[in-house]
Every structure is written in structure tokens, then in C-alpha cells.
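A short write-up of the structure that comes next.
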Amino acid sequence: MKGSGRSQAEWVPVNDVCNLGCAFCGIARRGPAPRDGIDRAIEAAGAREVGRVSFSGGEPTIDDRLPELLQAAVKAGIGERQIETNAMRAADP
């Protein structure tokens, strides 16, 4: 698997929205990042044999495209996929 054992990581923001309204946060709440830009970032990370991609936002778990983005990272040969989340959706029944 490409990127195995490497500490190099790529940060990929998927949106600029959140399910919280923290006063201290700088999220502008503009909406989702363009899919073509995300795809290019994932493909470039795979080509550079980056070991880990970290999907962030805003809040990436409220973006319906997240499962597809994770699959794209797998297809690109990226060994580790990480989601930076506030985990609020995990608390929903």
C-alpha cells in the first residue's frame, strides 16, 4: 500500500459549515468545497504517496459526500483516512 509507514499527511477541507455555533470559531459557513478541487487534492496526495489524508471542515460528517471521498482516498492508495470532527453526529440516535 502506498504511503505505508510514512508520517506525511494531507489536510483536505470538505466544507465550511458546521452543526455547532461556537462563538470562538472562524468557520465562515460558506458551504461545501467544490468536489473537483477535493478530488484533485486526493489524487495529488496519492501520487505523492502521502500516508494519511485528514478530512476536515467545518464539520465533514454533515457533508453527504464524505463516504465517496473516503472511497476516493482508498482508490488513490492512501493508507490512512482521518476525519476531524466534533463528533456530534455520533451522539444522534
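Rule-based calculations on the coordinates, nothing more; no lab input. Here the structure is a predicted model, which is why all the values come from computation and not from measurement. Note: ideal-geometry Cβ built from the backbone for every residue, glycine included; neighbour counts use all protein chains shown.
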Using the Cα centre of the chain as origin and beta-carbon charges of +1 (Lys, Arg) and -1 (Asp, Glu), tell me which of Q71, A44, Q82 is placed farthest towards the positive end of the dipole.
A44
Could you pull out every Cys in the chain that lacks a partner Cys with its beta carbon under 4.7 Å away?
C18
Output ³J(HN,Hα) for the range 37-52: one whole-Hz value per residue in order, computed from phi by the Karplus curve 6.51 cos²θ - 1.76 cosθ + 1.60 with θ = phi - 60°, and x for Gly and Pro.
x, 5, 4, 5, 5, 5, 4, 5, 4, x, 5, 7, 6, 5, x, 8
In the range 10-24, whose amide N lies under 18 Å from the spot 7 Å out along Cα-to-Cβ of A91? List them in ranges.
18-24
Listed by chain and number, the residues whose amide H is under 5 Å from that of V12, excluding neighbours fewer than 5 places away on the same chain and using placed H, are S54, F55, S56
Give me a comma-separated list of calculated 3J(HN,Hα) values for the range 75-89, in order, Karplus coefficients 6.51, -1.76, 1.60 applied at θ = phi - 60°, integers in Hz, x for any Gly or Pro.
4, 6, x, 7, x, 10, 10, 10, 10, 8, 9, 8, 6, 5, 5
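Using only alpha carbon positions, build the gyration tensor of the chain, then give the equivalent ellipsoid semi-axes as the square roots of 5 times its eigenvalues, largest first, whole angstrom.
On the way: eigenvalues 120, 36, 28 Å².
Taking √(5λ) for each Cα gyration eigenvalue gives 24, 13, 12 Å.
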Computed ³J(HN,Hα) along the range 20-25: with the Karplus parameters 6.51/-1.76/1.60, θ = phi - 60°, integer Hz and x for glycine or proline, the list is 10, x, 5, 5, 7, 7
